[in-house]
1. Exactly one condition in (1) away from every other protein chain (no Cβ under 14 Å); (2) without any contact (Cβ under 8 Å) to a residue 60 or more places away in the chain is false for A:Ala116; which is it?
2. Residue by residue through region A:314-368, note down the ones that are open to solvent by less than 10 Å² (accessible area, probe 1.4 Å), in a loop (DSSP other than H, G, I, E, B) and more than 14 Å from chain C (Cβ to nearest Cβ).
3. Just a yes or no: is a residue in region A:96-112 free of Cβ contacts under 8 Å to residues at least 40 places away in the same chain and either within 14 Å of chain B (Cβ to nearest Cβ) or within 30 Å of A:Gln622 (Cα to Cα) (or both)?
4. Among residues belonging to region A:678-687 that are modelled with pLDDT of 95 or more and open to solvent by 10 Å² or more (accessible area, probe 1.4 Å), point out the one that is nearest to A:Ala590 (Cα to Cα).
5. Given the criterion surrounded by fewer than 24 Cβ atoms within 10 Å (Cβ to Cβ) and part of a loop (DSSP other than H, G, I, E, B), identify the matching residue among A:Asp526, A:Asp497.
6. So A:Lys274 clears everything in (1) open to solvent by less than 10 Å² (accessible area, probe 1.4 Å); (2) under 21 Å from A:Ile112 (Cα atoms); (3) part of a strand (DSSP E or B) except one condition, right? Which one?
7. Could you list, in sequence order, the residues of region A:62-92 that are under 17 Å from A:Gly318 (Cα atoms), touching a residue at least 40 places away in the same chain (Cβ under 8 Å) and open to solvent by 30 Å² or more (accessible area, probe 1.4 Å)?
8. Checking the condition surrounded by 18 or more Cβ atoms within 10 Å (Cβ to Cβ), more than 8 Å from chain A (Cβ to nearest Cβ) and assigned to a loop (DSSP other than H, G, I, E, B), which residue from B:Gly48, B:Gly102, B:Gly41 passes?
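The values are calculated or read from the model by the stated rules, or taken from the named source; none is laboratory data. From a predicted model like this one, the values you see are computed outputs, not experimental measurements. Methodologically, a virtual Cβ is constructed for each residue, glycine included, from the backbone with ideal geometry; neighbour enumeration extends over all protein chains shown. Remember, those area values only see protein heavy atoms, side chains included, never the ligands or the DNA or RNA. Shrake-Rupley method; radii C 1.70, N 1.55, O 1.52, S 1.80 Å.
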Amino acid sequence: MAEAVREFTAIGTRPIRPDGVEKVTGKANFGADFSLPGMLYGKVLRSPYAHARVKGIDLSEAKAMEGVFSVITSADFPKENPSDMSCNILAREKVLYHGHALAAVAARSQSIAEEAINSIKVEYEVLQPVLSADAALAEDAPLVDENLRTNGDESFMPSNVAATVHYERGDVDKGFEKADYIVEEEYRIPSAHQGYIEPHACVADVNEKGRASVWCCTQGAFEVRNYISEVLQKKISDIKVTPSEIGGGFGGKTVVYVEPVAVRLSELAGRPVKMVMNREEVFRATGPCSATVCRVKVGANKDGIITAAKAWMAYEAGAFPGSPVTPGCMSIFAPYDLKNFVIDGLDVLVNKPKVAAYRAPGAPQSMHAMESAVDELARKLNMDPIDLRLKNAADEGTEAPYGPKYPAIGLVECLKAAKVHPNYVNKPAKDVGRGVAVGFWFNIGMQSSAEIWVAPNGAVTIMEGSPDIGGSRASMCLMAAETLGIPYDSINAVIGDTESTGFCNLTGGSRTTFATGLAVVRACEDVIAECKRRAAMTWDLDTEQVDWENGFAVPRPGVNIEAEPLSFAELAKTAGRTGGPLVGRASVNAQGAGACFSVNWTDVTVDRDTGKVDVQAFTAVQDAGRAIHPSYVEGQMQGGAVQGIGWALNEEYIYDDNGVLENASFLDYRIPVASDVPMIDCQIVEVPNPSHPYGVRGVGETPIVAPLAATANAVREVLGFRINDLPMSPPRVLEALDNAS
Amino acid sequence: MSKVHVELNVNGQPEEVLCEPQQSLLDLLRDELHLTGTKEGCGTGDCGACTVLMDERLVCSCLVLAPEANGKKVVTVEGIADQNGLHVVQQKLLEHAALQCGVCTPGFVVAAKALLDKNPDPDETTIRYWLAGNLCRCTGYDKIIRAVQDAAQELKATTTS
Amino acid sequence: MARVVFPSNLMNYTNGISEVEVSCSTFRELVRQLNNLYPGIGDDLRKSAVAIDGQIYQDAWFEKIGPTSEVFFMQRIEGG
């Protein structure tokens, strides 16, 4: 693995994360690990139908049961103008998917809670479910929401299309006239689940004055506070949320399911309530990501210049509006400098769980379509797929398909690095197919706060609000060590609750190392300013006459004074005499997150008897801007690659005709295991982001984008024909082989 | 429903618990003994987050009924490190940054240690198949496999020197 | 005059017009002017992300806009 040239002391090193020991010894507390005295157990009743009107709910037996303390339905939530989230957490007039929650109980034990749930009688009027985008778009389709009008336009008739998205530039018809080769295909991808290993879990405790304390696993404690406030119409100041360690999220823990329910149950019971989803509930009622249909038409002239591109895509939103079709549309052509294109997208309601964000939400599906089509173009042109992409690659100054000109981006650098990478130069053996694809994600900044507290011995505590989902504490400590000029080992990072640190948006959008990192750097600079002020006082100088160098306050060159440099530790030790403890703080709304590009390629074999695809090798090249802790950057690249491989080869939501998910377990929804995949080779490219003091770009989401098409293109190479739809699971591959012969 | 009396040894300590007959060993460990290091990811034996050793055999503690553990010796993630500090597997997982969220890590620690106790010199394929019962969604397994390989090397070096 | 471009979801305010030229010096001023031009668009503009000369802001307010600036309103990106 190539290392970037090092110009830093701490940044770019690979120390052990500060929370590591707790995590390898079982001492770290995750969502389900928290308990309170007198705690009750909450359980949810879920719909056995994908689409039904709720005619009546009889709770009497449950309420009368010994050991049951509270029973609720949506009638116990505020009645006016419920948000989609509220209706998703507890159904109102209709249940909209199989597994949709519609009542909940809190009881002394889990078994009593379960018994109480089973005693609830619901009268349903079963309705015909809408189970795919095709069915939802049909003229006589049943309506998931009878009041939904496309784009909120009252002049339209109600439909299942919540929104339309459109982008265009130039003249596609003329562009296609100039094309010597055209590829036009349709690609379908079913829903996949984020598949975090830790199910959703929380404990809620509401006191006699209505103040709620909530402990939960989430990507953002402040967002949970907002959601509870919105759903229950409770004052923000009456809600305190403490984030536990989080056992994976990938976007799936950016929203809430059980937290407001637990709060309401606790409020009525007068006792703390714990709710832990089981795996089946996680599959049936949380996540997943959109199932999609994408049609792409791309044309290129004989020199390999793409002259026009056209895309149409439908993204299933689940039972409520809000699929990531917009980022799907914005990302599909993002790697290319296109003069002529049209992109149309639809956000489509179906009777399936409301989709949640999943790592680069929307991009893997649409970019799988484009990257597959570009691969076919390369074949028609008889051109190396990296060369074809280099000819059309977006670079600094290129107008992105969604409008603005790109600032410095690293796509061309990644493509060039890939082209000369030994894993690419070495051609695959016979019967081994290689596929290449590029990935992209926007990245976001948003709001973060950080405080720095300095102990008298010079030890530093960073207090921040970004749940650490992949080693971000280590990155925060490295940036603080670099900025302050002190050893990494003297710094610890703590994730605060909503009352012990300033507001912080969630861990997501690849923003944590970039935005919270920026806040940490600024807070360190605040401490440095104070250190310089104290040193200046000590030396009878003005603050402007003092510099900060590698952890020492020194008189600025030219200042005529005999003074020993004052170390950070010395300044911390004497802080009591010089004005009190050293603290620093900063808050940011970080802008200019900087787009992140990648290039992936994989070598695969296909067993023609079983239809099983084996990934023999996988290489990921990605622009990190600057890798703060390279091991955790590689970790994102490797983890994203394997999630993408899983999506490409095996993972899918399989529904029966009634809209019942047939594979709601890790046995039947099979995510990759250790023996399914090879080592994932990584090369980090560093094209620094000008908007961050150390050049950081987010790296967390881009890695899942390219593996879908890279794998599909590799399978295409082995088979000699393309399987357009994912996943390329053994039954699909066998069927394709049968059809081909 | 009358409770069942279970006596077992957990991480070297004798324990006595009254539990419900349908309760799992996982629930016994987490709810009765408050050893929450062992995690529940699925409850159906598919994810390996609840992996413990029972009489030196790897089991998914969610699939073992608590009464079945009567008279057994159970080792959980809390029993892997000793007074000398972290086990080499734990240390190598940290050095290789082989965990991201860390919720699957307890299961990997127990399973990887059991592998090295049995087979001090496993090749990559052996490690991958041995750990195939432990799901990790964050790392793509690369760094976990390397950490176990490195741990095996280090164990070999310390036993031969 | 700065060039201002709207995404399709905002064009119901602008009678389908996708581009206008506006003379202003800050983002806040731009939104005020556009809201005068297309009543009601202001709230949605404030909820949008915006790219000013290539730099993407999820929340802009005081940002400077020059006479040759290019301003693209975009849907906000959320992450996973």
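1. A:Ala116 satisfies every listed condition except (2).
2. Correct list: A:Ala319, A:Phe333, A:Pro335, A:Leu338, A:Val350, A:Asn351, A:Pro353.
3. Yes.
4. Per the stated criteria, the residue is A:Glu686.
5. Of the residues listed, the single one that is surrounded by fewer than 24 Cβ atoms within 10 Å (Cβ to Cβ) and part of a loop (DSSP other than H, G, I, E, B) is A:Asp497.
6. Among (1) open to solvent by less than 10 Å² (accessible area, probe 1.4 Å); (2) under 21 Å from A:Ile112 (Cα atoms); (3) part of a strand (DSSP E or B), the lone unmet condition for A:Lys274 is (1).
7. Hits for region A:62-92 are A:Ser83, A:Asp84, A:Met85.
8. B:Gly48
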